[in-house]
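The values are calculated or read from the model by the stated rules, or taken from the named source; none is laboratory data. Every value quoted in this text rests on a predicted model; they were computed, and no experiment measured them. Cβ placement follows ideal geometry from the backbone for every residue including glycine, while neighbour counts extend to all protein chains displayed.
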Amino acid sequence: MAMTISYQNTSPLEEQVKNRFKQANLSHEYTRAMMVRSHALSLAAQYGLDKDQVSAAALLHNISRLIEPKNYLATAEEYGTEILPAERQNPYLLHQKISRILAVEEFNISDKEVLNAISCHTTLRPSATLLDKIIFIASKQNSEQFKNLNLQNNKKAPSEQELNKSIFNCLFNEINDKSIVSTVHPWAKGALEELKTKLHMEAI
């Protein structure tokens, strides 16, 4: 069933994101951001997460689309962002960190939990928070690994173990499928190993 996205009673941040994408002739990115936001809020409400934090992280997770990928490395260097060897090898991996930069510099976001979720939405990271996981999941709703969660219709929240299993499967498949990622980000490796250990301990 198609998702209904409401544009009524939008927040100032939504309007800012909408206008920026529209000015850049990237309205489709705003539509996608709203879809990710809807997915994230649907699941986050079941866990009692702060809806404003979830909404902000979802709306801004791909705001780096405003910058051409060829400029990601220069932008990261300009703002003194830590650049890992894998990110130098494949600067596109910096897009999540660039989104964090723009969230701070252009949208005045100062909430560290929101910024952390934005900056790891593609790869996740070791010691990920529930907010990190929700934004990661929501940004990958078209992935086969998450279709079984049926977030829009479930009344009962999946257990954290179920979420971890789905995230583990997604990371494992991405890391091992060279058609998805040509360069593996160390955060993804770290998150995968951490989840593997956690799931193993829970199974004992």
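Listing for the model above:
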{"item": "Residues of the stretch 88-110 classified as of a type in the set (D, E, K, R) and within 20 Å of SER139 (Cα to Cα), total", "result": "2"}
{"item": "Enumeration of residues in the stretch 53-72 that are outside any helix (DSSP H, G or I) and either under 12 Å from HIS121 (Cβ atoms) or of a type in the set (Phe, Trp, Tyr) (or both)", "result": "HIS61, ASN62"}
{"item": "Condition check for PHE21: closer than 29 Å to SER182 by Cβ, surrounded by 13 or more Cβ atoms within 10 Å (Cβ to Cβ), over 13 Å from the mean Cα position of the chain (by Cα) and not hydroxyl-bearing (Ser, Thr, Tyr)", "result": "yes"}
{"item": "Residue match in the stretch 101-114 (condition: farther than 23 Å from PRO69 by Cα, at pLDDT below 95, of a type in the set (D, E, K, R) and surrounded by fewer than 16 Cβ atoms within 10 Å (Cβ to Cβ))", "result": "no"}
{"item": "Residues of the stretch 88-128 satisfying the condition of being in a helix (DSSP H, G or I), over 18 Å from ILE63 (Cβ atoms) and not basic (Lys, Arg)", "result": "GLN89"}
{"item": "Subset tally (residues that are surrounded by 13 or more Cβ atoms within 10 Å (Cβ to Cβ), among the hydrophobic types (A, V, I, L, M, F, W, C) and either farther than 19 Å from SER99 by Cα or out of contact with any helix residue (DSSP H, G or I) (no Cβ under 8 Å at 6 or more places or on another chain) (or both)) for the stretch 41-89", "result": "4"}
{"item": "Identity of the residue in the stretch 84-118, in contact with an Asp or Glu (Cβ under 7 Å, 6 or more places away or on another chain) and aliphatic (A, V, I, L, M), that ends up nearest to VAL184 (Cα to Cα)", "result": "LEU93"}
{"item": "Boolean, HIS39 is out of contact with any strand residue (DSSP E or B) (no Cβ under 7 Å at 6 or more places or on another chain) and touching a residue at least 24 places away in the same chain (Cβ under 8 Å)", "result": "yes"}
{"item": "Top-ranked residue in the stretch 79-102 [being small (Gly, Ala, Ser) and over 13 Å from the mean Cα position of the chain (by Cα); ranked as nearest to SER182 (Cα to Cα)]", "result": "ALA86"}
{"item": "Odd one out for PHE172, checked against (1) within 28 Å of LEU102 (Cβ to Cβ); (2) modelled with pLDDT of 85 or more", "result": "(1)"}
